[in-house]
Structure formats: C-alpha cells, structure tokens
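The values are calculated or read from the model by the stated rules, or taken from the named source; none is laboratory data. Everything quoted here is computed from the prediction, not taken from an experiment. Ideal geometry is used to build each Cβ from the backbone, glycine not excepted, and the neighbour counts take in all protein chains shown.
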Amino acid sequence: MSFFKRLKEKFTEQTDAVTEKFKEGLTKTRDSFVGRMNELFAKYRTVDEDFFEELEEVLISADVGVTTVLELIEELKDEVRLKNVKETKDIGPIISEKLAEKLDKTGEDAHLNMQEDALTIILFVGVNGVGKTTTIGKLAHRFKEEGKHVVLAAGDTFRAGAIEQLEVWGERVGVDVVKQTSGSDPAAVMYDAIHSARAKRADVLLCDTAGRLQNKVNLMKELEKVKRVIAREVPNAPHEVLLVLDATTGQNALSQAKTFREATDVSGIVLTKLDGTAKGGIVLAIRNELDIPVKFVGLGEGVEDLKPFDANQFVYGLFQELIEEETANE
C-alpha cells in the first residue's frame with residue numbers, strides 16, 4: 001500500500017476536528033507549495049537532473065531550509081534509483097513520505113514531560129511578539145479542560161503590559177496568576193509562583209519570561225538565573241523549556257532557535273501563526289536542523305487552536321489534493 005493511501009485511510013476514518021484544523025491551518029502553505037509542485041509535475045514528465053534542480057528551488061522557497069533541502073534531494077535521488085522511478089507522477093508519495101520521516105524523528109519526545117502526582121513546571125522562552133503569552137493562555141485552557149489545576153507565573157516583568165496581558169488570560173481561562181510589580185526580579189516571581197502553586201496543590205505551573213533579544217547577554221543570564229531558582233526549589237525542574245517561535249518570520253525563527261538553544265536547554269518548540277504563512281516548510285527546517293521536537297503549532301486565533309504537532313497530520317494537510325488525486329487512480 002502506498003504512503004498516500006495509508007494516510008488517506010488513516011485520516012478519512014479519523015475525520016476529527018484536529019485533522020480538519022490542520023487542513024484549514026495549512027491552506028496558505030498548501031496553496032503555494034502544492035501549486036508549485038503541480039506546475040513542476042506538469043513541466044517535467046520524467047525524473048531527471050533538471051527536475052531535481054527545480055524541486056530544490058520549490059522546497060527552499062517554502063522555507064524548508066537549504067541544509068535540509070540538500071539532504072532531502074539526495075535521499076530522493078537514492079530512492080528514485082532504488083525504486084527505478086521514471087515518471088514525475090510517481091514521485092509525489094516518495095516526497096511526502098520523506099518529509100514525514102524527517103518531521104517524525106520524535107518518538108516520546110513529542111509529548112510533554114508531565115509529572116504524575118507532582119507539580120509540572122513548564123518554562124516558556126522566546127523573543128517579544130512571537131505569541132508567548134497567548135500560547136501560555138491557550139495551553140492553560142487546554143490543561144484546565146483536561147481537569148488539571150493550573151497556575152501562571154508572570155515572569156516577564158520588563159515589557160510594558162506583559163503582566164496585565166497574562167492577567168487577562170488568567171481571568172479568561174479561570175486560573176490564578178502569580179505576579180509582582182513591573183521591574184521586579186523574574187527569579188523572585190518564579191520562587192513565589194512555585195510556593196503558591198504548591199500551596200494550592202496545583203498540577204501545572206506555566207512560567208512566562210522576558211524576550212528582549214536586543215539585550216541578548218543580559219536576557220540569557222536572566223534565563224539562566226530563573227532556571228537555577230526553579231531547579232533549586234524543584235529538583236529536575238523545569239520539566240519542559242518550550243521555545244515559542246513565529247512561523248511567519250521564516251528563517252529568522254530558525255536563527256532565534258539557535259540563539260536560545262545556546263543559552264538554555266530547549267526541550268520543545270511551539271510554532272505559532274502557522275496558519276498565517278505560505279512558508280510552513282519552516283517546521284521541517286527547525287525539526288531537522290536543530291533536532292528539537294515541535295510539540296505544538298498555532299493553527300488559528302481561537303483558544304482551541306493550539307494543537308499538538310503530528311507529522312502525519314501535517315503531511316496530510318499539506319498534500320491533501322495530491323493524495324486525493326493519487327488514491328483515486330489506484
């Protein structure tokens with residue numbers, strides 16, 4: 001059974017809201033990327049070096065990343081030789097399967113490291129403007145819907161309005177927010193938040209942090225101090241360090257990820273605003289070049305639109321038209 005057919009069977013049987021959301025959220029990327037792929041298949045009937053050169057350009061234009069694209073092209077050439085593929089109409093499932101393999105190098109690391117019968121502390125990092133506070137609010141809503149007791153820590157004490165923004169989310173979702181005055185020491189906020197969460201017998205503590213990348217050295221020292229305080233109060237915490245990136249910034253998001261990875265042990269990526277870009281290939285670049293799992297993606301502005309990342313759902317959402325066409329002819 002072809003890869004396309006397996007995907008179709010899996011997701012037509014499982015036509016749930018999440019699958020539909022992935023399809024809807026990837027509309028811009030799908031229209032751009034698959035449109036160019038179709039043009040490429042129409043231009044070249046046979047798989048040759050010229051075809052691969054143009055395929056390389058299409059992938060790079062989708063922000064898949066040069067390093068990842070070069071790897072992918074070599075793997076595709078090997079697969080084409082191995083399977084003796086001659087016509088471009090037969091290469092679509094191979095491309096999608098290779099994309100899925102590169103995205104799905106995750107295993108258990110795609111899931112959050114939740115603590116059983118103990119407080120789970122999740123630290124959020126990322127530059128200002130990427131949707132960090134909004135992500136915290138949406139994740140708090142998700143946890144509360146699962147029946148968990150959630151507390152938020154307002155650790156971004158420097159950006160004007162950051163504390164108030166988190167308080168608005170706390171009120172909207174119905175969870176407590178631990179804060180101090182603007183300009184306070186973020187590490188002191190974390191200390192208070194941990195003790196408050198313990199006193200409330202909370203299940204999850206979600207910690208906001210500053211994101212002033214222009215003061216890179218100071219910011220990274222601040223994050224290191226915050227992590228030290230958390231680890232001192234709760235051994236092995238934070239249990240997750242989630243880096244929030246804006247998908248619409250493309251390769252700049254990749255650059256930010258490299259910077260934060262140098263300063264703190266990032267355990268996962270949250271990629272926001274994926275529905276707002278035609279260059280959703282950045283997911284692949286981040287996953288493949290940084291070897292950090294993408295744990296959540298933002299597929300809309302609603303409180304329910306932060307979804308756990310699933311490689312096969314991503315590929316199905318991206319190649320839906322090609323999958324329908326291919327399987328109809330089988």
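Which of the following residues is at pLDDT 90 or above and in the same structural domain as Ile121 (by TED's automatic domain parsing): Lys273, Lys258, Lys279?
Lys273
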Arg261 - would you say it is touching a helix residue (DSSP H, G or I) at 6+ places or on another chain (Cβ under 7 Å), charged (D, E, K, R) and either surrounded by fewer than 23 Cβ atoms within 10 Å (Cβ to Cβ) or closer than 30 Å to Glu145 by Cβ (or both)? yes
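Based on this model, can you work out whether Leu223 counts as assigned by TED's automatic domain parsing to the domain that holds Gly129 and closer than 25 Å to Glu304 by Cβ?
Working: assigned by TED's automatic domain parsing to the domain that holds Gly129: yes; closer than 25 Å to Glu304 by Cβ: no.
For Leu223, the condition - assigned by TED's automatic domain parsing to the domain that holds Gly129 and closer than 25 Å to Glu304 by Cβ - is not met.
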Among all residue pairs at least 6 apart or on different chains, which show Cβ distances below 8 Å where the first residue, located in segment 80-94, is among the aliphatic types (A, V, I, L, M) and in a strand (DSSP E or B) and the second is loosely packed, with under 15 Cβ neighbours inside 10 Å and modelled with pLDDT under 90? none
Taking only segment 173-228 into account, find how many residues are under 30 Å from Glu116 (Cβ atoms) and assigned to a helix (DSSP H, G or I). 21
In the set Arg45, Arg81, which member is at pLDDT 85 or above, farther than 30 Å from Asp291 by Cβ and not polar (S, T, N, Q)? Arg45
In segment 144-155, which residues are of a type outside the set (A, V, I, L, M) and crowded, with 21+ Cβ neighbours inside 10 Å? Gly155
I'm told Leu152 meets every condition in (1) touching a helix residue (DSSP H, G or I) at 6+ places or on another chain (Cβ under 7 Å); (2) in a helix (DSSP H, G or I); (3) within 24 Å of Leu271 (Cβ to Cβ) except one. Can you identify the failing condition by its number? (2)
Scan segment 173-196 and tell me whether some residue there is surrounded by 15 or more Cβ atoms within 10 Å (Cβ to Cβ) and closer than 22 Å to Ala253 by Cβ. no
The lone exception for Ile122 - which of (1) out of contact with any Asp or Glu (no Cβ under 8 Å at 6 or more places or on another chain); (2) surrounded by 19 or more Cβ atoms within 10 Å (Cβ to Cβ); (3) not in a helix (DSSP H, G or I) it fails: (1)
